[in-house]
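Taking it in order: structure first as C-alpha coordinates, then the write-up.
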Amino acid sequence: MTKRLLDAVGAAFAYDGDIALENVTMHVDAGQAVALIGPNGSGKSTMLKGVLGVLPLISGGLTVLGHERDFNAEGRIGYLPQDDHIESDFPITLRQVVMMGRYRRLGWFRFPSAEDRKAVADALRVTGLTSRANDRFGTLSGGQQQRGLLARALATKPDLLLLDEPFNALDQPNRDALIATLQELKKYGVGILVTTHDLDLAREVCDSVLLVNQRQIAFGPLNDVLTLTNLQQAFGDVQVEVDEHKVVIPGHEH
(Lines give C-alpha, C1' and ligand atoms only; values in the text may rest on other atoms or scores of the structure.)
Protein backbone atom coordinates (compact mmCIF):
# COMPACT_ATOMS: atom_id res chain seq x y z
CA MET A 1 0.00 0.00 0.00
CA THR A 2 1.36 3.40 -1.01
CA LYS A 3 2.28 5.68 1.87
CA ARG A 4 0.64 9.11 1.61
CA LEU A 5 2.97 11.86 2.82
CA LEU A 6 0.91 14.95 2.02
CA ASP A 7 -2.85 15.23 1.56
CA ALA A 8 -4.69 18.52 0.99
CA VAL A 9 -8.46 18.77 0.65
CA GLY A 10 -9.91 22.18 -0.21
CA ALA A 11 -6.97 23.84 1.55
CA ALA A 12 -6.60 27.63 1.68
CA PHE A 13 -3.73 29.69 3.09
CA ALA A 14 -3.51 33.37 3.96
CA TYR A 15 -1.08 36.17 4.80
CA ASP A 16 -2.43 38.35 7.62
CA GLY A 17 -5.95 37.20 6.86
CA ASP A 18 -5.72 37.80 3.09
CA ILE A 19 -6.18 34.59 1.10
CA ALA A 20 -3.13 33.86 -1.07
CA LEU A 21 -4.04 30.38 -2.32
CA GLU A 22 -7.28 28.45 -2.07
CA ASN A 23 -9.23 25.39 -3.18
CA VAL A 24 -6.19 23.08 -3.18
CA THR A 25 -6.94 19.36 -3.31
CA MET A 26 -3.86 17.28 -4.05
CA HIS A 27 -1.50 14.68 -2.62
CA VAL A 28 2.10 13.50 -2.61
CA ASP A 29 2.88 9.82 -2.04
CA ALA A 30 6.16 8.18 -1.09
CA GLY A 31 8.43 7.91 -4.11
CA GLN A 32 6.39 10.46 -6.05
CA ALA A 33 7.38 13.92 -7.30
CA VAL A 34 4.77 16.61 -7.88
CA ALA A 35 5.54 19.76 -9.87
CA LEU A 36 3.93 22.94 -8.55
CA ILE A 37 3.50 25.24 -11.53
CA GLY A 38 2.06 28.73 -11.93
CA PRO A 39 3.06 32.31 -12.77
CA ASN A 40 4.94 34.55 -10.35
CA GLY A 41 2.70 35.52 -7.45
CA SER A 42 0.36 32.59 -8.05
CA GLY A 43 0.82 30.98 -4.63
CA LYS A 44 3.52 28.38 -5.28
CA SER A 45 5.75 29.44 -2.37
CA THR A 46 2.59 29.95 -0.32
CA MET A 47 1.77 26.28 -0.72
CA LEU A 48 5.19 25.21 0.53
CA LYS A 49 4.99 27.54 3.52
CA GLY A 50 1.53 26.22 4.28
CA VAL A 51 2.85 22.66 4.32
CA LEU A 52 5.66 23.76 6.64
CA GLY A 53 3.16 25.42 8.97
CA VAL A 54 4.65 28.89 8.46
CA LEU A 55 1.34 30.15 7.06
CA PRO A 56 -2.03 29.37 8.63
CA LEU A 57 -4.48 26.95 7.06
CA ILE A 58 -7.69 28.98 7.13
CA SER A 59 -10.01 26.43 5.59
CA GLY A 60 -10.04 22.88 4.29
CA GLY A 61 -7.83 20.06 5.49
CA LEU A 62 -4.11 19.34 5.34
CA THR A 63 -2.38 16.21 6.58
CA VAL A 64 1.43 16.07 6.54
CA LEU A 65 3.29 12.85 7.32
CA GLY A 66 0.18 11.41 8.92
CA HIS A 67 -0.55 14.41 11.13
CA GLU A 68 -3.10 17.16 10.69
CA ARG A 69 -1.34 20.43 10.04
CA ASP A 70 -1.33 21.92 13.53
CA PHE A 71 2.16 23.49 13.44
CA ASN A 72 3.42 20.66 15.65
CA ALA A 73 3.29 17.83 13.16
CA GLU A 74 6.04 15.31 13.70
CA GLY A 75 8.09 13.79 10.94
CA ARG A 76 10.90 14.70 8.65
CA ILE A 77 10.50 17.49 6.11
CA GLY A 78 13.41 18.81 4.06
CA TYR A 79 13.09 22.34 2.67
CA LEU A 80 15.16 24.29 0.15
CA PRO A 81 13.81 27.86 -0.07
CA GLN A 82 14.17 30.05 -3.11
CA ASP A 83 17.27 32.31 -3.18
CA ASP A 84 18.83 30.58 -0.18
CA HIS A 85 22.53 31.36 0.00
CA ILE A 86 25.60 31.53 2.21
CA GLU A 87 28.02 34.45 1.86
CA SER A 88 30.94 33.42 -0.35
CA ASP A 89 33.57 34.75 2.05
CA PHE A 90 32.15 32.91 5.06
CA PRO A 91 34.88 30.47 6.26
CA ILE A 92 32.96 27.21 6.19
CA THR A 93 33.40 23.98 4.27
CA LEU A 94 30.75 22.22 2.24
CA ARG A 95 30.71 19.39 4.78
CA GLN A 96 30.00 21.88 7.58
CA VAL A 97 27.18 23.45 5.57
CA VAL A 98 25.57 20.05 5.06
CA MET A 99 25.99 19.23 8.75
CA MET A 100 23.79 22.27 9.48
CA GLY A 101 20.92 20.07 8.32
CA ARG A 102 21.49 17.93 11.40
CA TYR A 103 21.44 20.77 13.95
CA ARG A 104 17.79 20.33 14.83
CA ARG A 105 18.59 16.78 15.91
CA LEU A 106 22.02 17.63 17.28
CA GLY A 107 21.28 20.74 19.24
CA TRP A 108 24.01 23.37 19.34
CA PHE A 109 26.20 21.86 22.05
CA ARG A 110 26.57 18.20 21.08
CA PHE A 111 29.22 16.78 18.79
CA PRO A 112 28.04 14.96 15.67
CA SER A 113 27.51 11.24 16.15
CA ALA A 114 28.39 8.48 13.72
CA GLU A 115 24.77 8.62 12.57
CA ASP A 116 25.06 12.35 11.87
CA ARG A 117 28.29 11.91 9.93
CA LYS A 118 26.75 9.09 7.88
CA ALA A 119 23.70 11.24 7.08
CA VAL A 120 26.01 13.99 5.82
CA ALA A 121 28.08 11.54 3.79
CA ASP A 122 24.92 10.08 2.25
CA ALA A 123 23.63 13.54 1.34
CA LEU A 124 26.94 14.46 -0.30
CA ARG A 125 26.98 11.20 -2.21
CA VAL A 126 23.46 11.47 -3.57
CA THR A 127 24.11 15.04 -4.75
CA GLY A 128 27.42 14.06 -6.36
CA LEU A 129 29.54 16.30 -4.14
CA THR A 130 31.59 13.85 -2.07
CA SER A 131 34.86 14.95 -3.68
CA ARG A 132 34.19 18.59 -2.73
CA ALA A 133 33.24 17.95 0.91
CA ASN A 134 36.30 19.65 2.42
CA ASP A 135 36.34 22.61 0.02
CA ARG A 136 35.35 26.02 1.29
CA PHE A 137 31.74 26.55 0.31
CA GLY A 138 32.45 29.92 -1.30
CA THR A 139 34.85 28.35 -3.81
CA LEU A 140 32.14 26.14 -5.34
CA SER A 141 30.31 27.15 -8.49
CA GLY A 142 26.79 28.53 -8.16
CA GLY A 143 25.31 25.23 -9.30
CA GLN A 144 27.45 23.25 -6.87
CA GLN A 145 26.41 25.56 -4.05
CA GLN A 146 22.76 24.96 -4.92
CA ARG A 147 23.33 21.22 -4.82
CA GLY A 148 25.17 21.68 -1.52
CA LEU A 149 22.16 23.45 -0.03
CA LEU A 150 20.01 20.59 -1.26
CA ALA A 151 22.42 18.19 0.47
CA ARG A 152 21.89 20.20 3.68
CA ALA A 153 18.13 19.59 3.33
CA LEU A 154 18.74 15.90 2.62
CA ALA A 155 20.90 15.52 5.73
CA THR A 156 17.69 15.62 7.77
CA LYS A 157 16.82 12.27 6.12
CA PRO A 158 13.46 13.69 5.00
CA ASP A 159 10.40 11.68 4.06
CA LEU A 160 9.01 14.74 2.28
CA LEU A 161 11.18 17.22 0.38
CA LEU A 162 9.96 20.74 -0.51
CA LEU A 163 11.95 22.61 -3.17
CA ASP A 164 11.26 26.19 -4.22
CA GLU A 165 12.57 26.89 -7.76
CA PRO A 166 15.75 24.85 -7.26
CA PHE A 167 16.67 24.96 -10.96
CA ASN A 168 16.85 28.75 -11.33
CA ALA A 169 20.03 29.87 -13.11
CA LEU A 170 21.61 26.41 -13.17
CA ASP A 171 23.83 25.51 -16.11
CA GLN A 172 23.12 22.28 -17.98
CA PRO A 173 25.59 20.04 -16.08
CA ASN A 174 24.26 21.10 -12.68
CA ARG A 175 20.68 20.88 -13.93
CA ASP A 176 21.31 17.32 -15.10
CA ALA A 177 22.98 16.45 -11.80
CA LEU A 178 20.05 17.82 -9.82
CA ILE A 179 17.56 15.91 -11.97
CA ALA A 180 19.54 12.71 -11.37
CA THR A 181 19.50 13.43 -7.63
CA LEU A 182 15.72 13.84 -7.55
CA GLN A 183 15.21 10.69 -9.58
CA GLU A 184 17.39 8.75 -7.13
CA LEU A 185 15.54 10.17 -4.13
CA LYS A 186 12.25 8.92 -5.56
CA LYS A 187 13.72 5.40 -5.68
CA TYR A 188 14.41 5.70 -1.94
CA GLY A 189 10.75 6.56 -1.31
CA VAL A 190 11.16 10.29 -0.72
CA GLY A 191 8.14 12.38 -1.71
CA ILE A 192 8.96 15.63 -3.52
CA LEU A 193 6.96 18.82 -4.07
CA VAL A 194 8.91 21.18 -6.33
CA THR A 195 7.96 24.59 -7.67
CA THR A 196 9.23 25.26 -11.17
CA HIS A 197 8.60 27.14 -14.40
CA ASP A 198 10.43 24.46 -16.35
CA LEU A 199 7.89 22.17 -17.99
CA ASP A 200 10.65 19.99 -19.44
CA LEU A 201 11.85 19.38 -15.89
CA ALA A 202 8.34 18.45 -14.82
CA ARG A 203 8.18 15.86 -17.57
CA GLU A 204 11.61 14.42 -16.71
CA VAL A 205 11.16 14.14 -12.95
CA CYS A 206 7.55 14.51 -11.86
CA ASP A 207 4.63 12.12 -11.80
CA SER A 208 1.90 14.72 -11.30
CA VAL A 209 1.37 18.47 -11.59
CA LEU A 210 -0.43 20.96 -9.38
CA LEU A 211 -1.27 23.99 -11.52
CA VAL A 212 -2.24 27.15 -9.62
CA ASN A 213 -2.94 30.83 -9.98
CA GLN A 214 -4.10 31.93 -6.50
CA ARG A 215 -6.35 28.89 -6.61
CA GLN A 216 -6.00 25.37 -7.89
CA ILE A 217 -6.62 25.10 -11.61
CA ALA A 218 -5.85 21.41 -12.00
CA PHE A 219 -4.07 18.50 -10.35
CA GLY A 220 -3.22 15.14 -11.80
CA PRO A 221 -0.99 13.36 -14.34
CA LEU A 222 1.12 15.66 -16.50
CA ASN A 223 -0.66 15.01 -19.79
CA ASP A 224 -4.06 15.64 -18.17
CA VAL A 225 -3.01 18.89 -16.49
CA LEU A 226 -0.62 20.51 -18.98
CA THR A 227 -3.27 21.20 -21.59
CA LEU A 228 -3.64 24.42 -23.55
CA THR A 229 -6.92 25.24 -21.77
CA ASN A 230 -5.45 24.79 -18.30
CA LEU A 231 -2.24 26.67 -19.08
CA GLN A 232 -4.21 29.57 -20.53
CA GLN A 233 -6.15 29.80 -17.26
CA ALA A 234 -2.85 29.98 -15.39
CA PHE A 235 -0.64 32.03 -17.70
CA GLY A 236 -2.86 33.65 -20.31
CA ASP A 237 -1.75 33.15 -23.91
CA VAL A 238 0.66 30.27 -24.42
CA GLN A 239 2.47 29.06 -27.48
CA VAL A 240 2.23 25.39 -28.39
CA GLU A 241 5.04 23.84 -30.44
CA VAL A 242 3.18 20.86 -31.82
CA ASP A 243 6.13 19.41 -33.70
CA GLU A 244 8.15 19.09 -30.50
CA HIS A 245 5.17 17.92 -28.44
CA LYS A 246 5.73 20.48 -25.76
CA VAL A 247 4.22 23.66 -24.43
CA VAL A 248 6.29 26.83 -24.22
CA ILE A 249 5.16 29.57 -21.84
CA PRO A 250 6.29 33.00 -23.06
CA GLY A 251 8.81 34.43 -20.62
CA HIS A 252 9.38 31.04 -18.97
CA GLU A 253 11.22 29.09 -21.67
CA HIS A 254 13.97 26.74 -20.53
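The values are calculated or read from the model by the stated rules, or taken from the named source; none is laboratory data. Predicted model, so just to flag it, every value in this text is computed and none were measured. Every residue, glycine as well, gets a Cβ built from its backbone with ideal geometry; the counts of neighbours run over all protein chains shown. With ligands, DNA and RNA removed, areas are computed over all heavy atoms of the protein, side chains included. Shrake-Rupley method; radii C 1.70, N 1.55, O 1.52, S 1.80 Å.
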*Go through the stretch 113-126 residue by residue and tally those that are more than 16 Å from Met100 (Cα to Cα) and open to solvent by less than 40 Å² (accessible area, probe 1.4 Å).*
1
*asked:* Scan the stretch 19-27 and tell me whether some residue there is open to solvent by 50 Å² or more (accessible area, probe 1.4 Å), more than 30 Å from Glu204 (Cα to Cα) and at pLDDT 90 or above.
replied: yes
*asked:* Among the residues of the stretch 28-41, what is the count of those that are buried (at least 20 other Cβ atoms within 10 Å of the Cβ) and more than 28 Å from Thr2 (Cα to Cα)?
replied: 0
*asked:* Any residue in the stretch 1-25 that is within 20 Å of Ser208 (Cβ to Cβ) sitting within a Cβ distance under 7 Å of a residue that is open to solvent by less than 10 Å² (accessible area, probe 1.4 Å) and of a type in the set (Phe, Trp, Tyr)? List the pairs, counting only those 6 or more apart or interchain.
replied: Leu21/Phe13
*So which strands (runs of 3 or more DSSP E) stay within the stretch 1-60 end to end and still have 3 or more residues that are in contact with a Gly (Cβ under 8 Å, 6 or more places away or on another chain) and among the hydrophobic types (A, V, I, L, M, F, W, C)?*
4-15, 18-29
_Among the residues of the stretch 193-215, what is the count of those that are part of a strand (DSSP E or B) and under 10 Å from Leu36 (Cα atoms)?_
8
_Condition first: modelled with pLDDT under 90 and open to solvent by 20 Å² or more (accessible area, probe 1.4 Å). Now tell me which residues in the stretch 158-172 satisfy that._
Phe167, Asn168, Ala169, Leu170, Asp171, Gln172
*Test Asn40 against the stated conditions and say whether it is without any contact (Cβ under 8 Å) to a residue 24 or more places away in the chain and within 17 Å of Gln233 (Cα to Cα).*
yes
*asked:* Anything in the stretch 173-192 that is surrounded by fewer than 21 Cβ atoms within 10 Å (Cβ to Cβ), not β-branched (Val, Ile, Thr) and not in a loop (DSSP other than H, G, I, E, B)? List them, or say none.
replied: Pro173, Asn174, Arg175, Asp176, Ala177, Ala180, Gln183, Glu184, Lys186, Lys187
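Rundown of residues vs (1) of a type in the set (Phe, Trp, Tyr); (2) assigned to a loop (DSSP other than H, G, I, E, B), yes/no style:
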| site | (1), (2) |
| --- | --- |
| Asp84 | no, yes |
| Val98 | no, no |
| Tyr103 | yes, no |
| Glu115 | no, no |
| Ala123 | no, no |
| Ser131 | no, no |
| Ala151 | no, no |
_Can you find a residue that is under 16 Å from Phe219 (Cα atoms) and either of a type outside the set (A, V, I, L, M, F, W, C) or open to solvent by 50 Å² or more (accessible area, probe 1.4 Å) (or both) anywhere in the stretch 10-18?_
yes
